Every structure is written in structure tokens, then in C-alpha cells.
Amino acid sequence: MTVAIIDYGSGNLRSAAKAFERTVRESGRSDPVTVTSSADDALSADRIVLPGVGAFADCRSGLHGLDGMVEALEEAVIVRGRPFLGICVGMQLMATTGREHGAHPGLGWIDGEVTAIDVRPTAEKNGTGLKIPHMGWNDMILDRADHPLFAGLRDGRHAYFLHSYAMICRRSEDQLAHVDYGGPLVAAVGRDNFVGTQFHPEKSQAVGLQIIGNFLSWRP
Amino acid sequence: MLKPRIIPCLDVRGGRVVKGINFVDLVDAGDPVEQAGVYDSQGADELCFLDITASHEGREPLLDVVSGTAEQCFMPLTVGGGIRTLDDIRALLLAGADKVSINTAAVHRPEFVSEAAHKFGSQCIVVAVDAKRSEAGRYEIFTHGGREATGIEAISWCRRMAELGAGEILLTSMDRDGTREGFDIELTRSVADSVPVPVVASGGVGTLEHLVEGIRSGHATAVLAASIFHFGIFSIPQAKAYVGKAGIPVRR
């Protein structure tokens, strides 16, 4: 089994690659993990990971800047049904629209929008309010606890978040998990053979490695 | 809910730990990667490397430390010290840092903060602020590790840094740093209540109660400490148990 981590110039992929390598090794396998910008590699991979940090539009144009990559992802994930994991902005790109510095179309795999986290209601309530970015460890409530991504996990486990924009799913069944931050914030989304996490599994210590392991052994 | 972070900080010079953990089971007490592994296994919420290398040339060892740590520790990593250019930031992020902390360079040229935030995203740009109470009762910021006064008032400075795109403020009280008398609560709260971004309180932690005070009275989103962890006085699990028992939810 090959794992392709898509490199479109959005930040550091070393941690993600190392976390996948570690998980592969610990499960006694020797599957190759490649960090790649090549559409061919994405097409031939058994598992595809799309990371991303920064602004939605920047990440989107980075992804579109890779020759044939968006088409390859559509083919591999939507047509051929390869398991796919989007991380942070990589998850947000799965949405229909991103509303960070203007409206930008996403991949459109999850019916939803990415909008600025709104903590004003809380700010009015307690004076000081909640901070933006939503930065740090928050405990997840699993809306779809039976999803294979969460095998071995339960409500209340913490993951590491670092974001100022969040996805809102139009179909409630696409929301796999959420956290509370002045109201519910989407923590994980998914449908069919593709999933996305707003949090960083590669930075979430044991919980994150468990989720990476679950993704690798997922047979959707 | 979001949990306050407890962050141990390691001082690094020339790729070696200067003030480090005094644990008996370390193979090499000066190896930052090994010490990072200890904090990772203890469940620290984040790790901070502060590079105190005096010259700008000796950056390679730091990059090796960061990449070595990122290969083994799957936890958030902040790196600060001597960052002057966008290339410095890029190199650290590519080596595996999640956030970089800018101090003197922000004072010399505040636009550097907005350039960095624009290029890499606010979420990875931390502005470190070293503040000292002046005779007039206000707080003034210092650069060069607290040696040079700037005449700049600290609270409005922090507000400006957040406006320019800092995603977090790492606030150190120069009066308290190294004293183990606790955070400067007035300073911490004044800044935390004035900026929309998270504030990490630093400087002065000598007891676990100080961590509680920083969060509860100082309104800090995260608390950073060096010596209480380095010298093995307290472990991360002990700190979390204490803070949790005081009624502040922590990640276990």
C-alpha cells in the first residue's frame, strides 16, 4: 500500500510524513510514504493525504498550481474511491466554498462553507471573550462514533487545533465530530471514502497517531 | 472546551541545551531532542525552544534540533530566538516548527510581523514581548534578552502586534524572570484582556500554584515555565494534576 502526501507548497510536511511513517512502522507494515507534487503519484497511491496551513485561497491556488493535481484527486477519490484524508486547511478545501478573504470555490466534496469562527456571543457574555485563533487542545464529541476513523477512541479525547476559520456542513451527517468553543465547531467531516480533520493528527500525540492508524487500515 | 496549555521551554545554544532537565535517566543531558522526547512522553501540551545562540551564523545546529524533534515528537513546537528574516522563518517551519516566535525584529521593524503573517499565516507567528515595570508604573518593552530598553509601552504594543497579524503573544515579565516568585499577574491580565489573540504567560514560575494564578488571575491561555521542569522539581503530570485539582480543566 502506498501513501501519498500531497505537497503543494503549503508549509511543513515533515511532521505529517514522519507521523505516517511511524504509524506504518508500528503496525508492522512497510508501506512507502511519499511526499509528492506529482499528479501521477496521487493517481497511483492507495491512500491520499492533503495537508494545509495558511489561508484558504493561498492553499487553493497552490493546489491548482500543480499540473493536473485537482483532476487527479477527483479521479482517484471520487471516481476510483481511494481513501482520502484532508488535514486542517486540507480539510477545509473539501468544502464547496471558502470565505476567507473573499469567496473561493473548494473541491466541493462536502456540501458546506468555511467561515470565520464567530465568538462574539461569548465575548458579550463574559467580557473578555474567547481568543482567535482557536489554538490548543480541545476535547472532541464524536457525532459518528461508529466511523472507522475513530476506532478505539471515545468522546472527550483531545486533539490539537490551530485555526481561525471553520467549516459549517450543510448536511449534518457529514459532520463526524465537533468541539465546543463558544458553540460547536466542526472537528472532523467525511462521506463515503473521504474524511477530513480540522485538528492536526500529526501534532495530537497518541490520539493523532491512533487516527492516522485508523485511516491507514480503513477499507471504505 | 479548550484547555489551557502547559508549556515547558528549553534554552538551546549551538544545538545543545543550556538550561535543561536534570533527570537521571537521560543518556545525554545536553541533547535537546532527547529532552523534547521526555516532555512529549509526559504529555506536555506544547514545547518551546528558545535559541540563545549569540551570533546569526550558528543557526544550523538549531535547525537540526528542530528537525530531529519533529521526527520523533508529534506535538506542537514553537521556536524562537534571533529570527530576523522571512527566510529564517521558512527554514524553521520546513524543519518542523509549527510556530516561530519573533521579538527584537518586530521592534526594529513592526511591518516584519505583518509580512510574516501574510506569508505564512497568523497561526504560526508568535510575537514575544519582554516587559518590565517602569518607575511611572507602566510597562515598557525590552529587546536583546531584556538588555535594551525601547521606551515602548507594552500593552499598546501587544495590541498593535495582534493587529499586524501576530497569532499569539508570548509575554515575559523581565522583573519576574528567574525569580521563582510567580508571574506578574497585573501585566499578564492587562495584556490578555486587551488583545484578541491567545497570550502565553512567562517569567517567574516557582510553584505549581503560580501556574494556576497565571491562568485564573492572569487570564493567560497558556503558561510557560522553564526551571521548575528542567530541574526535575515538578513533572508535567504533577503540574497538570495540581492545576486540574484547582478546578481548571486540563488535558490528561
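Which of (1) farther than 21 Å from residue A:134 by Cβ; (2) outside any loop (DSSP other than H, G, I, E, B) is the odd one out, the single condition residue B:162 does not satisfy?
(1)
So which residues in the stretch A:110-131 are among the β-branched types (Val, Ile, Thr), at pLDDT 90 or above and over 14 Å from residue A:100 (Cα atoms)?
Matches in the stretch A:110-131: A:110 only.
What do you reckon, is residue B:145 part of a loop (DSSP other than H, G, I, E, B), on the phi > 0 side of the Ramachandran plot, more than 14 Å from chain A (Cβ to nearest Cβ) and touching a residue at least 24 places away in the same chain (Cβ under 8 Å)?
Here the answer is yes, as residue B:145 does meet what is asked.
Looking only at residues in the stretch A:46-58 that are touching a helix residue (DSSP H, G or I) at 6+ places or on another chain (Cβ under 7 Å) and part of a loop (DSSP other than H, G, I, E, B), which one is farthest from the other protein chains (Cβ to nearest Cβ)?
A:51
Show me the strands (runs of 3 or more DSSP E) found entirely inside the stretch A:82-178 where at least 1 residues are in contact with a Cys (Cβ under 7 Å, 6 or more places away or on another chain). Let's see the steps before the verdict.
Numbers: elements: A:84-87, A:95-98, A:110-116, A:134-139, A:158-163, A:165-169.
Qualifying strands (runs of 3 or more DSSP E): A:110-116, A:158-163.
For the stretch B:223-246, give me each residue that is under 19 Å from the mean Cα position of the chain (by Cα), closer than 20 Å to residue A:136 by Cβ and of a type in the set (Phe, Trp, Tyr).
B:229
Regarding the stretch B:166-174, can at least one residue be identified that is surrounded by fewer than 20 Cβ atoms within 10 Å (Cβ to Cβ) and out of contact with any Gly (no Cβ under 7 Å at 6 or more places or on another chain)?
no
Just checking, does the stretch A:2-24 include any residue being more than 22 Å from residue A:213 (Cβ to Cβ) and either part of a helix (DSSP H, G or I) or more than 14 Å from chain B (Cβ to nearest Cβ) (or both)?
yes
Within the stretch A:160-191, can you find the residues that are over 15 Å from residue A:91 (Cα atoms) and either of a type in the set (Asp, Glu) or crowded, with 22+ Cβ neighbours inside 10 Å (or both)?
The answer is A:173, A:179, A:180.
For the stretch B:182-222, what are the residues that are closer than 21 Å to residue B:138 by Cβ, within 13 Å of chain A (Cβ to nearest Cβ) and touching a helix residue (DSSP H, G or I) at 6+ places or on another chain (Cβ under 7 Å)?
B:188, B:190, B:191, B:194, B:195, B:199, B:217, B:218, B:219, B:220
Could you tell me whether the stretch A:139-155 includes any residue that is surrounded by 14 or more Cβ atoms within 10 Å (Cβ to Cβ), facing chain B (nearest Cβ under 9 Å) and free of Cβ contacts under 8 Å to residues at least 60 places away in the same chain?
yes
Quick check, is residue B:136 among the aliphatic types (A, V, I, L, M), assigned to a helix (DSSP H, G or I) and away from chain A (no Cβ under 14 Å)?
Details: among the aliphatic types (A, V, I, L, M): yes; assigned to a helix (DSSP H, G or I): no; away from chain A (no Cβ under 14 Å): yes.
No; evaluated as a whole, the condition is false for this residue.
The values are calculated or read from the model by the stated rules, or taken from the named source; none is laboratory data. Remember, it's a predicted structure, so these values are computed and weren't measured experimentally. Positions of Cβ are generated from backbone atoms using ideal geometry, with glycine treated the same way; all protein chains shown enter the neighbour counts.
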